[in-house]
Amino acid sequence: MNKPRVDFNRPVVVGREMEYMAEAVASGHLSGDGPFTQKCHALLETELGIPKALLTTSCTHALEMAAILLDIREGDEVIVPDFTFVSTVNAFVLRGARPIFVDIRPDTLNLDESRLEKSVTSRTKAILPVHYAGVGCEMDVILDIAKRHGIAVVEDNAHGLFGKYKGKYLGTFGVMATLSFHETKNFTSGEGGALLINDLTFAERAEIIREKGTNRSRFFRGQVDKYTWVDIGSSYLPSDILAAFLYGQLEQRQRIQSHRQALWQTYEMALKDWAEKHGVRLPLVPPHVEQSYHMFYMLLPDLDTRQRFIFYLRERGIYSAFHYLPLHLSEMGQKFGGRPGDCPVAEDVSDRLVRLPFHNALSKAEQERVIEAILEFPF
């Protein structure tokens, strides 16, 4: 009999999600900014120590809001790591910005801060560090460069909720940051995200943009006697039924993070000697960083080995995945001037990286199957 498959990702109920969703339905308020949305806002603000959090329909939409709030226009430039999901850059390209792709560090796979300053021009409007795998970028250097040049920093923290850099939570360094609650993330509502606002000068306009360009939030607080169209915007509010599911997940944050930490450490300990023997590189987490335990990846020796490895696991009912293709080599990236060789580290990493099964429902037995299969992989 064939063994059941080991999924790369599997969303799971971990707490009172179903109870809260039923409560949201019974309350008669399923649209945006209902009671559970407010609970999520309060939890994030309290835990992270930030002025304001706003749930959104996705991390992509939170990034779009950030681009509007920074008044990104045609001719502006934004600096992005070459190795990231397309949403990081697309949100700003939609406003007319030109992306400037910067290579990544070979150790953490984050934006290489040593290459950052030479990419700054008089047109640079924003720097968009991405905390890859929930391991913090070198924010001290990035913020220093940004401050000296008068550039806004917006953290793409899709991977890094509750991770820290030098004791401070990721997502609390830039003027704004974004979160993802997609089903592949540590905490999920299926689809969803949040905009974290660390500079309160953006707060009121953020509410307006999120509410279709109206001052509806001020109306519900009794600050105006009617609301109207006052700015550009869109409908970025998630349903309160999704917020109810998310709140159930966030309530269990310690349990979820403890489980993911145990999975990550088990992979590392079990694969360390094997990796060293076969020229495989495991994730590196600097000592001044506390990761979020978002994923466990490996860098195999070359593209051919990576492809054989993924196929080998698949034949054994184990599902793994590679990750991003370098943005500068994409069809859109080439339209912005990207050429082979521009970001050699990202190009190399993209060919060799494989992500192992890693999710909140992964059992000890399933992980043991994965590890056993890896140790038997024929190089």
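Derivation of every value follows stated rules applied to the coordinates shown; laboratory data play no part. This is a predicted model, so every value here is computed, not measured. As a convention, Cβ positions derive from the backbone with ideal geometry for all residues, glycine included, and neighbour counts pool all protein chains shown.
Using alpha carbons only, how many degrees (0 to 90, rounded to 10) separate the axis of helix 253-278 from the longest principal axis of the chain?
So the inclination is approximately 30 degrees.
Cα axis of helix 364-375 to longest principal axis of the chain: angle in degrees, 0 to 90, nearest 10?
It is inclined by approximately 50 degrees.
Please give the peptides 25-34, 259-268 ranked by average Cβ packing (other Cβ atoms within 10 Å per residue), highest first, as a rough proxy for protection. Can you show the working numbers first?
On the way: 25-34: 14.6, 259-268: 17.6.
Highest mean packing first, the order is 259-268, 25-34.
For the pairs 272/364; 39/166; 185/212, note any where the Cα-Cα span goes beyond 23 Å.
From the list (272/364; 39/166; 185/212), the Cα-Cα distance tops 23 Å for 39/166; 185/212.
For the Cα atoms of the chain, what angle does the longest principal axis make with the long axis of helix 35-48, in degrees from 0 to 90, nearest 10?
With both axes taken from Cα atoms, the answer is about 70 degrees.
Tell me the mean residue ellipticity at 222 nm calculated for the chain from its helices only (DSSP H runs of n ≥ 4, each -39500 (n - 2.57), averaged over every residue, nearest 500). Let's see the in-between values first.
Details: 13 runs with 145 residues, N = 379.
It comes out at -11500 deg cm²/dmol, rounded to the nearest 500.
Which value in Å is the Kirkwood Rh of the stretch 253-375 over different Cα pairs?
15.9
Give, in whole angstrom and from largest to smallest, the semi-axes √(5λ) of the equivalent ellipsoid of the chain, with λ running over the eigenvalues of the Cα gyration tensor. Each step should come with its number before you reach the end.
On the way: eigenvalues 240, 152, 57 Å².
With the √(5λ) rule applied to the chain, the semi-axes are 35, 28, 17 Å.
Check each of the trypsin sites (Lys or Arg not before Pro) in the stretch 57-133 and keep only those in coil by DSSP with at most 15 other C-beta atoms within 10 angstrom; list them in order.
On the way: sites: 73, 95, 115, 118, 123, 125; in loops: 73, 95, 123.
Within the stretch 57-133, the qualifying trypsin sites (Lys or Arg not before Pro) (loop, at most 15 other Cβ atoms within 10 Å) are 73, 123.
Which semi-axes, in whole Å and largest first, does the equivalent ellipsoid of the stretch 11-130 have when worked out from the alpha carbon gyration tensor as the square roots of 5 times its eigenvalues?
With the √(5λ) rule applied to the stretch 11-130, the semi-axes are 35, 18, 13 Å.
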